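Below is one structure, written out as structure tokens, with a few remarks after it.
The values are calculated or read from the model by the stated rules, or taken from the named source; none is laboratory data. Keep in mind the model is a prediction, meaning the values are calculated, not measured. Ideal geometry is used to build each Cβ from the backbone, glycine not excepted, and the neighbour counts take in all protein chains shown.
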Amino acid sequence: MSGDQRLSEEEYQSFVHYVRSYIAELAETAADKISDDTNLLEELDVDSLDIIEMIDDVRKTYKVDVELNKIGMHLLKRKAYTFGALLPILRQIIEEGEDALDPEFR
């Protein structure tokens, strides 16, 4: 799926559910408590290693052929600290592969 296929709305909603559930399990909270404005690090006490593990799982599940460290650096630069900020960036990486990354991370 990396770079050659768009997620349909149904696939995207499934992806959102997948990421929300994954983060809820990490944070030991209910998935419905995670909104777009939820700060993953401050409000849920999810650390950066947890986020990297989740991203690696997303890479494997969605067959994304982009190095994990490149995605991590891209997310840090984009300041994707909230659930709502993280989702569109990950979606773009799923759909576009390395083309979605800032040029210095390609």
So which residues in segment 60-96 are among the basic types (Lys, Arg), within 16 Å of VAL19 (Cα to Cα) and over 9 Å from the mean Cα position of the chain (by Cα)?
LYS60, LYS63
Mind listing whichever residues of segment 35-47 are free of Cβ contacts under 8 Å to residues at least 24 places away in the same chain and either of a type in the set (D, E, K, R) or surrounded by fewer than 19 Cβ atoms within 10 Å (Cβ to Cβ) (or both)?
GLU43, ASP45, ASP47
Being modelled with pLDDT of 90 or more and over 12 Å from the mean Cα position of the chain (by Cα) narrows it down to one residue among SER14, SER2; which is it?
SER14
Would you check which residues across segment 58-97 are among the charged types (D, E, K, R), surrounded by fewer than 18 Cβ atoms within 10 Å (Cβ to Cβ) and more than 23 Å from ASN39 (Cβ to Cβ) and list them?
LYS60, LYS63, ASP65, GLU67, LYS70, GLU96
Every pair of residues 6+ apart whose Cβ atoms lie under 6 Å, when the first sits in segment 80-106 and is at positive phi while the second is of a type in the set (Ser, Thr, Tyr) and at pLDDT below 90:
GLY97/SER2
Matching residues, segment 2-29, being part of a loop (DSSP other than H, G, I, E, B) and either of a type in the set (Phe, Trp, Tyr) or at negative phi (or both):
SER2, ASP4, GLN5, ARG6, LEU7, SER8, THR29
Say whether the condition of being assigned to a loop (DSSP other than H, G, I, E, B) and either in contact with a Cys (Cβ under 6 Å, 6 or more places away or on another chain) or acidic (Asp, Glu) (or both) is met by at least one residue in segment 78-87.
no
The conditions are (1) crowded, with 16+ Cβ neighbours inside 10 Å; (2) in a helix (DSSP H, G or I); (3) at negative phi, and ASP32 fails exactly one of them. Which is it?
(1)
